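Questions regarding the structure given below will be posed in turn.
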Amino acid sequence: MLATLFCKKDSRSDVKVVINSDHEIICFSRADIPFNTNNMHKAYHVVSFTKKMLANFCALSQTPIEIIESIEYMRLIESGIKIGIKVVDSKAISVDTEEDLISVSNMMEYDDLYHSYKNDFSHK
């Protein structure tokens, strides 16, 4: 899994992670974690499974925190399975809400390539 530093407050559509010193995920949450910090990490769900691990994952029952947070990877953590993570420097933006779409659409106007691709979307 990948993560990047993140500071957008109160964004329930973005999954935040707490990472231990061994580069393993301790917890996922849609809430701001750690509380009241500018050093949150946002998870990017690029996850690789071996065929055996994927079968094991699918055989596990949903867990209480997984259900509350609506984050399926909590099933692994609650079952004692470790998930490694790599922190990367990225400015990638998730577009998960109407607010995100408006924000990214506004940012696109300042992209150097905007005028070359804006006509592709003008018919929709």
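Is one or more of the residues making up segment 41-48 at pLDDT 80 or above, within 30 Å of Lys9 (Cβ to Cβ), assigned to a strand (DSSP E or B) and charged (D, E, K, R)?
Yes: one or more hits.
Among the candidates Asp96, Asp89, Asp112, single out the residue that is at negative phi and surrounded by 11 or more Cβ atoms within 10 Å (Cβ to Cβ).
Asp96
Name every residue in segment 8-28 that is in a loop (DSSP other than H, G, I, E, B) and under 19 Å from Ser79 (Cα atoms), in order of residue number.
Asn20, Asp22, His23
Follow-up question, since we're still on this one. Cβ-Cβ below 7 Å, separation at least six or inter-chain, first residue in segment 84-109 and aromatic (Phe, Trp, Tyr), second loosely packed, with under 11 Cβ neighbours inside 10 Å and part of a loop (DSSP other than H, G, I, E, B): which pairs?
Qualifying pairs under 7 Å: none.
What residue, of Glu69, Glu78, is within 21 Å of Cys7 (Cβ to Cβ) and not aliphatic (A, V, I, L, M)?
None of the others qualify; the one that does is Glu69.
Tell me yes or no: at least one residue of segment 20-28 is out of contact with any Phe, Trp or Tyr (no Cβ under 9 Å at 6 or more places or on another chain) and polar (S, T, N, Q).
For segment 20-28, residues out of contact with any Phe, Trp or Tyr (no Cβ under 9 Å at 6 or more places or on another chain) and polar (S, T, N, Q): present.
Please tell me if Leu54 is surrounded by 12 or more Cβ atoms within 10 Å (Cβ to Cβ), modelled with pLDDT of 95 or more and either in the same structural domain as Asn20 (by TED's automatic domain parsing) or small (Gly, Ala, Ser) (or both).
Spelling it out, it is not the case that Leu54 is surrounded by 12 or more Cβ atoms within 10 Å (Cβ to Cβ), modelled with pLDDT of 95 or more and either in the same structural domain as Asn20 (by TED's automatic domain parsing) or small (Gly, Ala, Ser) (or both).
Keeping to segment 81-107, report how many residues are assigned to a strand (DSSP E or B) and of a type outside the set (A, V, I, L, M, F, W, C).
2
The values are calculated or read from the model by the stated rules, or taken from the named source; none is laboratory data. Note that the structure is a prediction, hence the values are computed from the model and not measured. Note that we place each Cβ from the backbone using ideal geometry, even for glycine, and neighbour counts take in every protein chain shown.
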